[in-house]
1. Based on Cβ point charges of +1 for Lys and Arg and -1 for Asp and Glu, what charge dipole magnitude is obtained for the chain about its Cα centre, in debye rounded to the nearest 20?
2. Please report, in whole Å³, the volume per residue of the convex hull around the C-alpha atoms of segment 4-207.
3. Put +1 on the Cβ of every Lys and Arg and -1 on every Asp and Glu Cβ in segment 4-207; which of 101, 186, 174 then has its Cα farthest towards the positive end of the dipole?
4. Mean separation of Cα pairs under 8 Å and 6+ residues apart, divided by the residue count of segment 4-207: what relative contact order is that in percent?
5. Please identify, among 89, 55, 45, the residue showing maximal mean-square fluctuation in a Gaussian network model of the chain using a 10 angstrom Cα cutoff.
6. Among 50, 152, 136, whose mean-square fluctuation peaks in a Gaussian network model of the chain (Cα, cutoff 10 Å)?
7. I need the phi-derived Karplus couplings for segment 116-121: 6.51 cos²θ - 1.76 cosθ + 1.60, θ = phi - 60°, integer Hz, Gly and Pro marked x.
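Bear in mind that the values in this text are calculations on the coordinates, not laboratory data. Computed from a predicted model, the values in this text were never measured in an experiment. Glycine also receives a Cβ, built like all others from the backbone with ideal geometry; neighbour counts cover every protein chain displayed.
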Amino acid sequence: MSLKIHVLPAGPIETNAYLLIDAPRAEAVLIDAPGEVWADVAPLLAAAKCRLVELWLTHGHWDHMQGAAEVVAATGARVSAHPDDRILLETPGVMEVFLPSTIRLAPVKTDRWLADGDRFDALGRAWEARHVPGHCPGSLLFWCEGEGAAFCGDAIFQGGVGRTDFPGGSMARLEKSIRERIYTLPAATALYPGHGDATTVAAERAGNPFVSG
Ligand SMILES: [Zn+2]
Ligand SMILES: [Zn+2]
């Protein structure tokens with residue numbers, strides 16, 4: 001039975017969280033935690049009678065981690081991220097200076113630091129983490145070959161790429177990440193980005209105006 005993927009845009013700038021539910025296993029994984037996403041996740045878990053076992057963060061930017069502490073407090077989910085974003089996740093106050101004063105960020109503790117090429121099992125499926133820096137130093141992509149799906153954070157979007165003008169950003173690094181770690185995925189792989197609609201590796205390789213295939 002295939003994985004149920006819920007797309008949950010949440011937070012002040014419509015950041016996509018993805019809730020992956022395997023009902024027969026009664027388990028779920030959440031990818032990214034925008035502000036107040038728990039209000040959307042909790043009823044879906046309850047309806048599917050599933051437990052949230054993991055929270056995977058594609059990167060440490062505030063709009064992807066603002067709701068993380070609340071999710072972890074409610075579920076005890078194990079948190080995975082890339083060590084290059086450790087400062088953002090553990091001392092997120094460094095990002096508050098760029099934000100309206102109404103936005104407060106709580107730190108989140110990471111239980112497992114992932115490196116490029118790490119393979120692991122979740123929801124009874126094989127996954128691979130790929131390090132795709134450029135938009136953010138610790139940007140990660142989570143790929144499930146069996147599902148033909150990759151969750152790519154803000155590295156690439158349908159017809160676009162992530163901004164590189166934030167601290168630690170680099171267009172040269174992003175281009176390299178996209179060419180070597182995203183365009184090398186199987187062509188039919190669905191790409192689920194941190195903002196906007198899903199796309200595919202084939203579509204971006206053929207038509208992305210910022211990084212040619
Ligand atoms: Zn970002
Ligand atoms: Zn974002």
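1. Numbers: 18 positive and 26 negative charges, 58 e Å.
I would put it at about 280 debye.
2. Working: hull volume 21.1 nm³, N = 204.
Taking the convex hull of the Cα positions in segment 4-207, it is 103 Å³ per residue.
3. 186
4. Numbers: 471 pairs, mean separation 30.7, N = 204.
Computed over segment 4-207, the figure is 15 percent.
5. Between 89, 55, 45, it is 45 that shows the largest mean-square fluctuation.
6. So, out of 50, 152, 136, the one fluctuating most is 50.
7. Couplings: 4, x, 4, 10, 7, 9 Hz.
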